[in-house]
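The following block contains the structure, expressed as structure tokens.
The values are calculated or read from the model by the stated rules, or taken from the named source; none is laboratory data. The shown structure was predicted, so the numbers you read here are calculated from the model rather than taken from an experiment. Methodologically, a virtual Cβ is constructed for each residue, glycine included, from the backbone with ideal geometry; neighbour enumeration extends over all protein chains shown.
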Amino acid sequence: MWLLDANLDVHLVDLLRGLAIKCDTAESRGWKTLRNGDLVAAASLAGFHTLLTRDQLFAESASRAWRSYPALSVVVITLPQMPSTRYLEVFEAAWNTSPICPKQGEIVVWP
């Protein structure tokens, strides 16, 4: 299951679910204000195996917690911010070119 960090467009959930990916948002879980390390712990304990974020420094700031939950993969989304509808179009086009396929415990910069 994938978790979208609070800094990602919540509408990505619908797009990812349409691609048969089980996912949820930090916001809908009540985790919007958690610091990165606490988010890693909460996500791992709740059964998430992949966390998507726009935070380029996520792995650095969460490194201590991440060592305690090494199965969690982190995907750093590098698409620029833009209006939601356009963002989803760009995300889907990038996905069609190169789907996100994280391996256990790795950091992926995508696309």
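Among (1) assigned to a loop (DSSP other than H, G, I, E, B); (2) free of Cβ contacts under 8 Å to residues at least 12 places away in the same chain, which single condition is residue 8 missing?
Tallying (1) assigned to a loop (DSSP other than H, G, I, E, B); (2) free of Cβ contacts under 8 Å to residues at least 12 places away in the same chain, residue 8 fails exactly one: (2).
Residue 26: over 14 Å from the mean Cα position of the chain (by Cα), hydrophobic (A, V, I, L, M, F, W, C), at pLDDT 90 or above and within 16 Å of residue 4 (Cβ to Cβ), yes or no?
When the stated conditions are applied, residue 26 does not pass them.
Follow-up question, since we're still on this one. What's the number of the only condition in (1) of a type in the set (Ser, Thr, Tyr); (2) in contact (Cβ under 8 Å) with a residue 40 or more places away in the chain; (3) part of a loop (DSSP other than H, G, I, E, B) that residue 28 fails to meet?
With respect to (1) of a type in the set (Ser, Thr, Tyr); (2) in contact (Cβ under 8 Å) with a residue 40 or more places away in the chain; (3) part of a loop (DSSP other than H, G, I, E, B), residue 28 is out only on (2).
Oh, and also: Could you identify the single residue in 40, 13 that is modelled with pLDDT under 95, part of a helix (DSSP H, G or I) and β-branched (Val, Ile, Thr)?
Step by step, each of 40, 13 is checked, and only 40 is modelled with pLDDT under 95, part of a helix (DSSP H, G or I) and β-branched (Val, Ile, Thr).
Report, by residue number, each residue of the stretch 47-72 that is touching a residue at least 40 places away in the same chain (Cβ under 8 Å) and either among the aliphatic types (A, V, I, L, M) or not in a loop (DSSP other than H, G, I, E, B) (or both).
The answer is 50, 51, 52, 53, 58, 59.
Sticking with this structure for a sec: Condition first: in contact with a helix residue (DSSP H, G or I) (Cβ under 8 Å, 6 or more places away or on another chain) and part of a loop (DSSP other than H, G, I, E, B). Now tell me which residues in the stretch 81-107 satisfy that.
The answer is 81, 82.
Something else: Taking interchain pairs and intrachain pairs at least six residues apart, which have beta carbon atoms under 9 angstrom, with the first residue in the stretch 73-95 and closer than 26 Å to residue 61 by Cα and the second in a strand (DSSP E or B) and polar (S, T, N, Q)?
Hits for this filter: 73/50; 74/50; 74/53; 75/50; 75/53; 76/53; 77/53.
Shifting gears a bit: Can you tell me which condition residue 9 does not meet? The list is (1) surrounded by 19 or more Cβ atoms within 10 Å (Cβ to Cβ); (2) in contact with a strand residue (DSSP E or B) (Cβ under 9 Å, 6 or more places away or on another chain), and all the others hold.
Among (1) surrounded by 19 or more Cβ atoms within 10 Å (Cβ to Cβ); (2) in contact with a strand residue (DSSP E or B) (Cβ under 9 Å, 6 or more places away or on another chain), the lone unmet condition for residue 9 is (2).
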